[in-house]
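Inspection log for the structure reproduced underneath, given as structure tokens.
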Amino acid sequence: MRSSAVDNGLRTGVTFGIVIVTMFLIGFTVTGAGLIGKLFGASDSATPSLMFYSLFMILIGMWAGASASPRPLTEADTFKRALISGLVAGLVSGAIAAVIGFIFGDLSANKIDPRTYLPSVSPDSIKLFLFNQTPLMGSLTLLALMTVSAAVSAALSFFFRSNHWLKNKSGETSNAARGFFQSAGLNRVLQSQYASYVFWAITAVVLIILPRVWGSYWNYVFGTVGIYIILGLGLNIITGWAGQLVIGYVAFFAIGAYTFALLTAPEPHHLTVNFWVALALGVLVAGISGLLIGLPILNLRGDYLAIVTLGFAEIIRILLKSDLMTDYTAGPRGIRDIGGPTILGKPFVSDVDFMYVIIVAVLAVTFIAHRLRNSRTGKAWFAINLDETVARATGINAFGSKLLALSLSAAVAGLAGALFASRNQFTGPDDHALMVSINVICLVIVGGIGNIPGVFLGAFALKGLPEILRETESYRLLIFGVLLVIMMRLRPEGFLPARRPELEKHAAQTPSGKEA
Amino acid sequence: MLKVENLQVYYGAIHALQGVSFHLEQGEIVALIGANGAGKSTVLNTVSGILRPREGSVAFEGQAIHETPPQDIVRKGIIHVPEGRKIFSRMTVTENLEMGAYTNNDRAAINRDMEAVFARFSRLRERRDQLGGTLSGGEQQMLAIGRGLMAHPKLLLLDEPSMGLSPILVEQIFDIIQDINEQGTSILLVEQNAQMALAIADRAYVLETGNIVMQGTGDDLLKDPKVIAAYLGGH
Ligand SMILES: Nc1ncnc2c1ncn2[C@@H]1O[C@H](COP(=O)(O)OP(=O)(O)OP(=O)(O)O)[C@@H](O)[C@H]1O
Ligand SMILES: [Mg+2]
């Protein structure tokens, strides 16, 4: 019988070997190394330094090791098995990379330029791939580097997982308990109350300082991330918790943005309502529109809500764009010079100030969402999501609960829309295309549907990461796509699934217990 | 206590109940038996307010309830345990029971009721932190009934509680039903297992394609040749 540890390592190793070779062939090894260099503040140069390239490869090796180490961790998994998986994964992926590296190195040494067929494989990139060494030495280095980093990271990730696992099975003894690092001391420190105080204090300091120091570009990027976090938290209420798919969520975003814009911009209505009043009205109008949309359809079974909101969003966008409404909503031109926040009459409009406004809004919405989740209403939503018939049989007013969820979701989207319009000082029909809805749905799903931290992660991954990857220009979408595919493969329920995995372990730990 | 008169229920063009009338007095167990598709579940769904009759009336303790929304019917004390082990699969046993007490806000009372449920179904106590969906079929059925009890029903509507259970478990479930009844809850019982249902029922009705075709005490129906031929697998 073949050991599953070797098997596991083999499979992961082949996958990662192919990934490395592909990256090399499209010239991404150079780009990736350059990216790492940027992260450490190295200046731009045509070929990044060897050190950053090594670091890049080590990261990939560690990733391979982490994927190869056993998951889920069962009692049969020992430290040795984890190490073997990692070692095999590293060896195999390293060997694949080394063979390809050797072939290309040899070709290059014989003055054959592969660029005729593979435009991205320049002699420089081959040299870098082989650590500026001879083909033989270079490919051996590659092999060694991958093996060591994968083994180390498999060992490390075993340690983290077994620790985590211990926490869930507190009290019970098991192999893993007797296994490698026991580190009860570390656990105690991590679980103590002070650790959480320290954590929050650091977070608060970071949140206060960062907007001041990292410049307006990052304030812009993370302002957008913040607005999408708000949107995600909002959509989570109706879709994640109450389980009702809303496709045209952008409609409420648009209603919030336009309500706010029309109330504070000089054109077309010459209104200059106070920021906070306009913000509240934006939220209110969006919330009411959610209520009105929900009234006729929420007592129907099926996904009518998805379809109706989809239509609603398109109607709103087309109306905003049409000449018909130009006198009222400024038509396709959009609305300019939208007002910013003021506090006690003092304008509050620099990018730093606005970042603070967004941070406060995110915190407020997070707090409300958290309270809702654990409330009676939150439980009713969850019950409806799981089984509407039974929910009604236990005395839940399904229609009322769904209606409340939809208008709360809409109100939160209104808040996001108003903030968005105010920050950009402009809003037009194109800000409210269906793509916004799709992005929000994606970020909620990627993060782990129904989960609050998941929304944060999803928003960073979908709105922050593409900006960070902007440096890599043409590869941006490629990497992004690859990341999405990998993550949906590893975590089909999202990065941070809302359902409590520790409870569902029972299913995963059956003897045959390994998913294909 | 419950008076159903001339109930006419449609699913679109399907005329599922064609004038069903029956009654149930305080403290009784009334069984409703019939073949697949006869309309038994439809009757329960209509009584609990999930379906609306096109004609006819349902009265509970003298008040018409056929236009009352289901959540208010629950508050009046009619609890429906739907067919097919309908529990919240991704909630724990404890959380499922808490949902049963959704209409109750008194934390201490909820805990007391939960203890009572655990006393009745000790298996559930052992599995209190396990997800509902990972329980065995019989345990899920117990959980569904337990959840119903959490709301202090005056009238419990049970839809095929013995479905898919082993003979021993069926006996247990029927014992429990009788016990619940003895402690003062009236029960409207829908069953495929006519033998057992008639044995514990005070009175029973036989439903056939949307019509009540026979009625009588449980004992009488057990001896009725037509019932024996059609529902008791007799000769
Ligand atoms: N949602 C529905 N839509 C259309 N027809 C339905 C629906 N539910 C039930 N019916 C039909 O109504 C009739 C009565 O169904 P019902 O579920 O009440 O039967 P039942 O007596 O409970 O049967 P069983 O013993 O199999 O549970 C059946 O002919 C069924 O096909
Ligand atoms: Mg039925």
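The values are calculated or read from the model by the stated rules, or taken from the named source; none is laboratory data. From a predicted model like this one, the values you see are computed outputs, not experimental measurements. With ideal geometry, Cβ positions are generated from the backbone for all residues, glycine too; neighbour counts draw on all protein chains shown. When the accessible area is computed, the model is the full protein with side chains, heavy atoms only, and any ligands, DNA or RNA have been set aside. Shrake-Rupley method; radii C 1.70, N 1.55, O 1.52, S 1.80 Å.
Here are a few things to note about the model shown:
- Peptide B:63-72 is shielded by partner chain Cβ atoms: per residue, an average of 3 of them sit within 10 Å of its Cβ.
- Computed E for A:Ala306/A:Tyr328 - FRET, C-beta separation, R0 35 angstrom, nearest 0.05: 0.75
- For chain B, modelled as a GNM whose springs connect Cα atoms under 10 angstrom apart, the maximal fluctuation among B:Ile87, B:Ile78, B:Ile176 occurs at B:Ile176.
- Sum of side-chain charges, A:Ser216 neighbourhood, beta-carbon under 14 Å (Lys, Arg +1; Asp, Glu -1): -1
- Cα centroid of region A:99-141 to Cα centroid of region A:294-373, whole Å: 53 Å
- Counting only other chain Cβ atoms within 10 Å of each residue's Cβ, the peptide B:82-90 averages 4.
- Sorting A:Trp63, A:Trp218 by solvent-accessible area of protein heavy atoms yields A:Trp63, A:Trp218, largest first, with a 1.4 Å probe.
- Rg followed by Dmax, in Å, when region A:218-356 is reduced to its Cα trace: 16.5, 50
- Hydrodynamic estimate: the Kirkwood radius of region A:217-490 over Cα pairs, inserted into Stokes-Einstein at 37 °C and 0.692 mPa s, corresponds to D of 173 µm²/s.
- For A:Thr22 and A:Leu50, a Förster radius of 30 Å and the Cβ-Cβ distance give a FRET efficiency of 0.85, rounded to the nearest 0.05.
- When each of the peptides A:133-144, A:201-212 is scored by how many other beta carbons lie within 10 Å of its residues on average, the order from highest to lowest is A:133-144, A:201-212.
- Only Lys, Arg (+1) and Asp, Glu (-1) charged, at Cβ; region A:290-413 dipole about Cα centre in debye: 400 debye
- Annotation: B:Tyr10 carries an accessible surface of approximately 70 Å², with a 1.4 Å probe and no ligand, DNA or RNA atoms counted.
- Per residue, the convex hull spanned by the alpha carbons of the protein assembly as shown comes to 230 Å³.
- Inter-chain shielding of A:382-392 (mean C-beta neighbours from other protein chains, 10 Å cut-off): 6
- Centroid-to-centroid, using Cα positions, region B:197-233 and region A:227-268 are 58 Å apart.
- Tail fraction, Cα-Cα pairs, region B:1-140, threshold 23 Å, whole percent: 46 percent
- Local net charge near A:Asp431, Cβ-Cβ under 15 Å (Lys/Arg +1, Asp/Glu -1): +4
- When you count the other C-beta atoms within 10 angstrom of each residue and take the mean per peptide, A:415-427, B:155-167 line up highest first as A:415-427, B:155-167.
- Unit charges at the beta carbon, dipole of region B:122-235: most positive-side option, B:Leu156, B:Pro167, B:Leu131: B:Leu131
- 3J(HN,Hα) along region A:258-264: 6, 4, 4, 4, 5, 7, 10 Hz, from the Karplus curve 6.51 cos²θ - 1.76 cosθ + 1.60 with θ = phi - 60°, whole Hz, x for Gly and Pro.
- In the elastic network of chain B, a GNM with C-alpha springs shorter than 10 Å, the most mobile of B:Val43, B:Val170, B:Val58 is B:Val170.
- For B:Ile29, distant residues with modelled amide H under 5 Å away: B:Ile187, B:Asp202, B:Arg203
- Out-of-range pairs (alpha-carbon distance over 28 Å; input A:Lys38/A:Lys127; B:Lys3/B:Lys226; B:Lys40/B:Lys226; A:Lys379/B:Lys154; A:Lys127/A:Lys463; A:Lys321/A:Lys463): A:Lys127/A:Lys463
- Dipole check for the protein assembly as shown: with +1 at the C-beta of Lys and Arg, -1 at the C-beta of Asp and Glu, and the Cα centre as origin, the magnitude is about 1880 Debye.
- Magnitude of the charge dipole, region A:217-490, Cβ model with Lys/Arg +1 and Asp/Glu -1, debye to 20: 720 debye
- A:Trp381, A:Trp200, ranked by accessible area, largest first (probe 1.4 Å): A:Trp200, A:Trp381
- Amide H within-cut-off set for B:Ala16, under 5 Å, with H built and near neighbours excluded: B:Val9, B:Tyr10, B:Tyr11
- Rg(Cα) / (2.2 N^0.38 Å) computed for region A:5-166, rounded to two decimals: 1.10
- A:Asp7-B:Ser136 pseudo-label distance in nm [points 7 Å out on the Cα-to-Cβ vector]: 3.0 nm
- Accessible area per residue was computed with a 1.4 Å probe on protein heavy atoms; B:His15 scores about 60 Å².
- Average 1/r across all pairs of distinct alpha carbons in chain B, invert it, and you get the Kirkwood radius: 18.0 Å.
- Positive end of the dipole of region A:5-166 (Cβ unit charges, origin at the Cα centre): among A:Leu156, A:Ala33, A:Leu107, the Cα lying farthest that way belongs to A:Leu156.
- ³J(HN,Hα) computed for each position of region B:55-68 - Karplus, 6.51 cos²θ - 1.76 cosθ + 1.60, integer Hz, glycine/proline x: 9, x, 9, 10, 10, 10, 6, x, 10, 5, 10, 6, 10, 7
- Projecting the Cα atoms of B:Gln63, B:Gln215, B:Met1 onto the charge dipole of chain B (Cβ charges, centred on the Cα centre) puts B:Gln63 farthest toward the positive pole.
- Other residues whose C-beta falls under 12 angstrom from the C-beta of A:Ile452 contribute a net charge of +2, scoring Lys and Arg +1 and Asp and Glu -1.
- Order of exposure, largest accessible area first, which applies to A:Met57, A:Met23, A:Met435 with probe 1.4 Å: A:Met435, A:Met23, A:Met57
- Helix-only mean residue ellipticity at 222 nm for the protein assembly as shown, each DSSP H run of n ≥ 4 adding -39500 (n - 2.57), per residue, nearest 500: -19000 deg cm²/dmol
- Given a 1.4 Å probe and the protein chains as shown, A:Ser437 ends up with an accessible area of around 0 Å².
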